[in-house]
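Structure first, commentary second.
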Amino acid sequence: MNVDACFEKVAWVKGMYWLNQVDKHAHEIPTWATERHPERRPCHLEKAPLYGSYNLCRIVEFNNGEKWVIRFPLPGKTSQAHLDEKVAGEVVALQLLRARTNVPVPEVKAWGLADENPLGLGPFMMLQYIPGMDLGDLLEDPIDKHSSLMSVHLHDESVKVIYRQVAQFMLQIFKLDFEEMGGLPVGSPDRRRPLTLAAHEILCRGGVNVLGLRSEKLSTAKEFFDYLINQQWQQLHEQLTSACDEENAREKYIFVRVLKSLTSRHIWPDYNEGPFKLICDDFGLRNMRAQPDDLKITGVIDQEFSYAGPAQLLATAPWWLLLERPHMWDFSEEMEDRFLRHLDMFKCVLEEEEEATPGHEDKELSRLIQRSNENGTLWFIMVLQGFYQSPDNFLCTQLIRHTPDWDELAQGIPEDEIQAFVAKKMRHVKLHDKRKEDMLAAYEKLQWCQIDADTFFQVVEGLYSRADDTVE
């Protein structure tokens with residue numbers, strides 16, 4: 001599914017204007033950091049900012065050589081309404097992992113919500129600086145600038161060094177049990193439903209709020225999976241750019257319609273009502289740092305989009321085996337062979353670590369990953385956690401191939417139902433084209449300083465709230 005160009009432009013403008021504010025206040029950051037240091041040590045700001053997918057980081061060094069990373073969520077890349085929630089949830093996840101595991105996450109030195117930031121730059125975290133290089137940079141092909149995949153030239157033994165360390169982390173995380181699901185901290189009266197990465201992307205880049213009420217409570221794995229599927233269903237219907245033409249609309253409607261019928265066959269009854277596990281949708285090799293000489297992982301640096309969720313989300317094939325998210329791949333036999341070979345490699349390493357780790361002799365995690373692999377559940381899980389997918393991509397193709405009665409289920413969908421949806425999406429395509437023209441006209445005025453940024457945002461948001469543009 002394509003992103004909505006109007007929301008993409010809004011996100012870009014918000015980000016640029018916020019970055020200007022960061023630049024204006026940069027000279028105040030060292031004094032602010034000193035005030036939060038327990039010994040109030042003076043510090044200086046390192047020149048180069050660090051940019052992630054959702055955050056901006058500035059590094060300060062104190063006069064004793066200690067370094068902190070000051071991290072801000074990027075407006076535009078992060079939903080304005082969920083900035084505080086994202087940061088607060090990640091802080092809880094980091095503190096939990098430091099207290100109950102040996103996973104090398106950074107220590108939270110200080111943090112605060114938006115209204116606690118004296119610089120007016122939104123919520124923040126001040127974190128222990130972890131030395132090393134970004135693991136993704138060490139593992140991808142330095143020559144092929146067009147690929148985000150793990151290098152094909154990487155030796156298996158080097159891959160196993162990485163997998164073995166991450167397997168040790170996963171075994172510790174799998175031991176953390178929760179009695180209920182939801183956003184962190186679990187049980188908070190004002191934060192029940194999880195802030196998932198997929199829902200966040202749909203909201204920011206598609207303009208559809210699929211998160212639902214913050215107070216919504218999910219009690220079973222089946223309820224959680226239905227919740228995720230319903231988010232894709234809502235996106236399909238409400239996002240103007242969820243389909244590009246009649247054939248595409250037809251294929252996507254059939255796919256999600258069949259997907260809605262598969263939940264029961266992929267639920268594990270013995271884990272349906274718990275125990276629930278700590279899930280981090282952004283846990284992956286690119287969010288780790290390592291020593292370049294021996295690939296020892298020195299830090300797991302991001303835990304955003306963390307929540308308590310079904311065990312099946314953790315006890316399945318990791319999406320990060322080849323660095324890049326599989327929902328971004330086109331299907332090919334070559335990619336299938338490569339992914340499954342690396343999955344086998346990871347499972348072997350995980351079993352070896354279970355044998356060597358007290359308390360894991362029953363090999364529960366590796367047995368569940370194998371169980372997920374045998375009945376096709378791993379593809380179902382990955383599809384649910386993906387976003388902006390197409391029925392012919394790698395994951396969706398795998399799920400179709402591992403669902404023997406897929407064609408029968410698809411043929412059972414009434415044709416008039418499909419046709420009505422296709423007609424609606426074609427109206428949506430025309431409506432989006434019109435709104436895009438209006439957005440670009442407003443953006444040109446912004447560039448010529450004929451309107452300010454707030455007016456530009458109001459114009460674009462107004463395009464999506466006009467009753468005369470309602471298309472059903």
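The values are calculated or read from the model by the stated rules, or taken from the named source; none is laboratory data. If you're wondering where the values come from, they're calculated on a predicted model, not measured in any experiment. In this analysis, Cβ positions are derived from the backbone assuming ideal geometry, glycine residues included, and neighbour counts consider all displayed protein chains. These accessible areas exclude ligands, DNA and RNA; they are computed on the full protein's heavy atoms, side chains included. Shrake-Rupley method; radii C 1.70, N 1.55, O 1.52, S 1.80 Å.
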**Study point:** Where a label projected 7 Å from the Cα of Asn375 along Cα→Cβ would reach, residues of the range 329-345 with amide N under 16 Å
**Key:** none
Check your understanding: Once every DSSP H run of n ≥ 4 in the chain is given -39500 (n - 2.57) and the sum is divided by its residues, what mean residue ellipticity at 222 nm do you get, rounded to the nearest 500 deg cm²/dmol?
Key -> -15000 deg cm²/dmol
Check your understanding: In square angstrom, rounded to the nearest 10, how much accessible surface does Thr357 have for a 1.4 Å probe?
Key -> 40
Review point. What is the range 312-447's relative contact order, in percent, from Cα pairs under 8 angstrom and six or more apart in sequence?
Key: 30
Exercise for review: Note down the Stokes-Einstein diffusion coefficient of the range 66-204 in µm²/s, whole number, using a Kirkwood radius over alpha carbon pairs, 25 °C, and 0.890 mPa s.
Suggested key: 139
Point to revise | Surface accessible to a 1.4 Å probe, Cys6 within the full protein complex, Å² | key: 0
Revision key, fill the gap. For the range 172-314, the accessible surface attributable to carbon and sulfur atoms (probe 1.4 angstrom, ligands and nucleic acids excluded) amounts in percent to 47
Exercise for review: Return the loop-located chymotrypsin sites (Phe, Trp or Tyr not before Pro) in the range 88-193 (DSSP other than H, G, I, E, B) with at most 13 other Cβ atoms within 10 Å of their own Cβ; answer none if there are none.
Suggested key: none
Check your understanding: Using the reciprocal of the averaged 1/r over all distinct C-alpha pairs, how large is the Kirkwood radius of the chain in Å?
Key -> 23.9
Check your understanding: Going 7 Å from the Cα of Glu417 in the Cα-to-Cβ direction, what parts of the range 213-242 have a backbone nitrogen less than 18 Å from that spot?
Key -> 226-227, 229-238
Check your understanding: Expressed as a whole percentage, what fraction of the accessible surface of the range 334-374 belongs to carbon and sulfur atoms when a 1.4 Å probe is rolled over the protein heavy atoms?
Key -> 45
Point to revise | Cross-link pairs beyond the 22 Å C-alpha cut-off, checked among Lys260/Lys424; Lys77/Lys296; Lys252/Lys277 | key: Lys77/Lys296; Lys252/Lys277
Review point. Tell me, what is the 1.4 Å probe accessible area of His44, in Å² to the nearest 10?
Key: 100
Revision key, fill the gap. Projecting the Cα atoms of Gly132, Tyr271, Pro326 onto the charge dipole of the chain, where Lys and Arg contribute +1 and Asp and Glu -1 at Cβ, the residue farthest towards the positive end is Gly132
**Study point:** Accessible surface, per residue, of the chain when the full set of protein chains is kept, probe 1.4 Å, Å²
**Key:** 44
Practice item. With r as the distance between the Cβ atoms of Glu273 and Lys47 and R0 = 56 Å, compute the FRET efficiency 1/(1 + (r/R0)^6) and round to 0.05. Key: 0.60
Review point. In whole percent, how big is the carbon plus sulfur part of the accessible area of the range 1-148, probe 1.4 Å, protein atoms only?
Key: 50
